[in-house]
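The values are calculated or read from the model by the stated rules, or taken from the named source; none is laboratory data. Being a predicted model, the structure only gives us computed values, none of them experimental. Every residue, glycine as well, gets a Cβ built from its backbone with ideal geometry; the counts of neighbours run over all protein chains shown. Just the protein is used for accessible areas: all its heavy atoms, side chains included, with ligands, DNA and RNA removed. Shrake-Rupley method; radii C 1.70, N 1.55, O 1.52, S 1.80 Å.
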Amino acid sequence: GSILAQVWQRDLGAVPDLDDPARLAAAFDAIQALNAAGLVQTCHDRSDGGLAVTLAEMAFAARCGLDIDVAALVGGGVDPRTALFAEELGIVLQVRGADLAAVHALLAGHGLADAVHEIGRAEHGHRIRIRAGALELASFELHALLAAWHETSHAMQRWRDDPAAADSERDSVLDVADPGLAPLVPFDPAEDTAAPWIARGVRPA
């Protein structure tokens, strides 16, 4: 099942569900362990729109290209559209190539070896390419996907807010060379800022 079914007004199969809560818990624990070990670069759940939308959102945030190969997901005659748009529970992780063995070992230790698939890599440039082995399924320029993605939001903002401000925001979003806002944190977030006050006998309200 997928939101794609609503767009096409057709039945694309069973709705997403959770077959094994223990396996979901194991996946959560594994992600926490990977993160604690510094092995996760980026993590995104597979949700509305499925794998294809998850990957697009990750590329939007990173302003990068992708070379995606879903061959491992379409064996046994599985339709590539099922692999790309099904909304079953899943996670996409970006890890360093040098860390792949450690990541596989940790996930296997949580009983998830059979649920892991290497599906591609981030690339310099702004092209998103999706293939199944040598068969190219789709190829997009990041800018074009961003424009389509932002079109509805822009139309709503233009109607609701100042049109010039909405246009300015759209232009900023569509500038793939713009790295976006980066927070400046002039303190250590791990520092207990209340500690000096508690030491003086001052308790937070």
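Number of residues in the stretch 154-190 that are assigned to a helix (DSSP H, G or I) and either within 20 Å of LEU55 (Cα to Cα) or not polar (S, T, N, Q) (or both): the value is 16. Counted as qualifying within the stretch 28-143 are the strands (runs of 3 or more DSSP E) with 3 or more residues that are of a type in the set (A, V, I, L, M, F, W, C) and closer than 25 Å to VAL7 by Cα, namely 127-132, 135-141. Taking the conditions exactly as written (touching a Lys or Arg at 6+ places or on another chain (Cβ under 7 Å) and either within 15 Å of ASP69 (Cβ to Cβ) or of a type in the set (A, V, I, L, M) (or both)), does ILE91 satisfy them or not? Yes, satisfied. Filtered by the rule that a residue be open to solvent by 60 Å² or more (accessible area, probe 1.4 Å), more than 17 Å from ARG46 (Cα to Cα) and charged (D, E, K, R), the stretch 96-120 gives ARG96, ASP114. Close Cβ contacts (under 7 Å, 6 or more residues apart or on different chains) running from residues in the stretch 74-95 that are closer than 15 Å to HIS44 by Cα and modelled with pLDDT of 85 or more to residues that are open to solvent by 40 Å² or more (accessible area, probe 1.4 Å) and assigned to a helix (DSSP H, G or I) comprise LEU89/LEU24. The sole residue among ARG170, ARG127 that is open to solvent by 60 Å² or more (accessible area, probe 1.4 Å), over 18 Å from the mean Cα position of the chain (by Cα) and of a type in the set (D, E, K, R) is ARG170. Close Cβ contacts (under 7 Å, 6 or more residues apart or on different chains) running from residues in the stretch 11-36 that are touching a residue at least 24 places away in the same chain (Cβ under 8 Å) to residues that are part of a loop (DSSP other than H, G, I, E, B) and open to solvent by 70 Å² or more (accessible area, probe 1.4 Å) comprise PRO16/LEU89; LEU18/LEU89; LEU24/LEU18; LEU24/LEU89.
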